[in-house]
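Undergrad: The structure that follows is given in the form of structure tokens.
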Amino acid sequence: MPLFWNDSFNFIRKITPRRAWNFALVLTSYYLTRLLRRPVQWGLPVTLSVEPTTACNLRCPECPSGLRAFSRDTGNMKEDFFRSTVDDLHRDLFYLYFYFQGEPYINPKFLDMVKYAHARRIFTITSTNGHFLNSENARRTVESGLDRLIISVDGTTQEVYEQYRVEGKLEAVLQGARNVVAWKKKLGARHPHIVFQFLVVRPNEHQIPDIYRIAREIGVDEVKLKTAQVYDYEHGNPLIPTIDRFARYREQADGTWKVKNALNNHCWKLWHSCVITWDGLVVPCCFDKDAMHRLGDLKKQSFAKVWNSPTYYAFRRKLLQGRDQIDICTNCTEGCSVFF
């Protein structure tokens with residue numbers, strides 16, 4: 001079976017009538033919202049991101065975790081809290097993403113949480129910098145039932161790789177990928193679907209052909225090229241690629257830069273997904289990296305009450321009135337983030 005079919009078939013197997021109905025409710029309410037120009041929210045999230053930890057071993061320059069720049073506390077999600085959240089939501093969820101900020105494998109209970117979600121037949125995904133995929137963790141990753149493993153490989157030589165993945169070791173990452181491939185073969189497993197994610201920035205854009213070659217040599221299933229979010233872009237930034245299709249920003253006649261996409265006053269993410277931080281806060285999406293827009297606290301309320309709360313309704317209404325008035329929306333990829 002072709003590699004992409006393995007991943008797709010694995011997802012299709014987990015669709016249930018209830019999940020399909022929930023998706024239909026969410027999608028219908030989203031388009032009804034756009035028609036009526038007021039928030040209508042039916043159903044529960046189709047996708048959910050949970051944050052195993054805010055800690056990270058690297059110091060990437062465009063990442064609050066890497067910069068150690070959070071105003072919120074650093075910590076690991078507790079397994080009991082995770083289990084209760086999954087028990088509450090798993091009947092309606094299609095996808096569970098094990099990442100937000102931080103490196104998931106730093107949480108010692110991370111793979112146990114994946115295994116628990118897998119037992120609830122949720123499609124599970126994580127994104128890692130790849131430095132913790134020793135043979136033991138690679139075996140446990142395959143055995144956990146993780147469906148998709150995204151490994152960030154933002155350069156094909158150490159010199160280029162470390163310009164963005166500061167303090168990272170490229171060979172350790174590549175060896176980690178080899179370990180997972182080897183254990184998949186040894187255990188006769190079709191998952192996880194292994195993805196090399198290549199964040200295209202100016203220092204590495206010339207290495208795009210090389211990442212495909214290396215992925216083939218190792219036995220990685222897929223390569224995704226991702227556009228990069230840059231915080232200081234108004235006056236240019238050395239990370240912005242010269243290849244226009246990989247850049248989220250465009251230079252203007254006066255020498256300043258702006259986000260390419262128009263800020264349309266709607267957002268599919270806000271209707272079908274949300275993020276739960278390691279300590280139980282509910283925030284609207286992955287762009288709220290410092291959890292400034294806190295829509296609820298699962299230590300104090302049920303998820304359903306948060307999802308349908310006046311606070312959430314007010315945030316959705318504010319977005320419909322003008323995305324350019326919400327700080328996390330002004331540098332957002334909704335409508336312009338393209339994977340190649």
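Undergrad: Springs between alpha-carbon pairs under 10 angstrom, Gaussian network model over the chain: which of Ala253, Ala24, Ala172 fluctuates most?
TA: Ala253
Undergrad: What residue among Ile243, Ile150, Ile211 has the largest mean-square fluctuation in a Gaussian network model of the chain, using Cα springs under 10 Å?
TA: Maximum fluctuation in the GNM of the chain, among the listed residues, is at Ile243.
Undergrad: Given the rule -39500 (n - 2.57) for each run of at least 4 DSSP H residues, summed and divided by the residues of the chain, what is its mean residue ellipticity at 222 nm, to the nearest 500 deg cm²/dmol?
TA: Mean residue ellipticity, 222 nm, calculated: -10500 deg cm²/dmol.
Undergrad: For a distance above 16 Å, tell me the whole-number percent of Cα pairs in the stretch 1-48 that qualify.
TA: Percentage above 16 Å: 52.
Undergrad: Moving on. Where does the chain land on Rg/Rh, using Cα atoms and the Kirkwood Rh?
TA: 0.95
Undergrad: Let me ask another. Given a 1.4 angstrom probe, what's the average accessible area per residue across the stretch 181-340, in square angstrom?
TA: Result: 47 Å² of accessible area for each residue.
Undergrad: Hey, what's the stretch 21-169 come to in accessible area per residue, 1.4 Å probe, Å²?
TA: Spelled out: the 1.4 Å probe surface of the stretch 21-169, per residue, equals 41 Å².
Undergrad: Hey, any idea what the orientation-averaged projected area of the convex hull of the stretch 68-115's Cα atoms comes to, in nm²?
TA: Mean orientational projected area (the stretch 68-115, Cα hull): 4.0 nm².
Undergrad: Out of Ser302, Ser135, Ser273, any idea which swings most in a Gaussian network model of the chain, alpha carbons joined below 10 Å?
TA: Ranking Ser302, Ser135, Ser273 by mean-square fluctuation puts Ser302 first.
Undergrad: Of the heavy-atom accessible surface of the chain (probe 1.4 angstrom), what whole percent is carbon and sulfur?
TA: Using a 1.4 Å probe with all protein chains present, the chain comes out at 53 percent carbon and sulfur.
Undergrad: Could you sort out which of Lys226/Lys318; Lys226/Lys260; Lys109/Lys299; Lys78/Lys186; Lys115/Lys289; Lys186/Lys224 sit more than 24 Å apart by Cα distance in this structure?
TA: Lys226/Lys318; Lys78/Lys186; Lys115/Lys289; Lys186/Lys224
The values are calculated or read from the model by the stated rules, or taken from the named source; none is laboratory data. Since this is a predicted model, take the numbers as computed values, not measurements. Areas reflect the complete protein model, heavy atoms only, side chains present, ligands, DNA and RNA absent. Shrake-Rupley method; radii C 1.70, N 1.55, O 1.52, S 1.80 Å.
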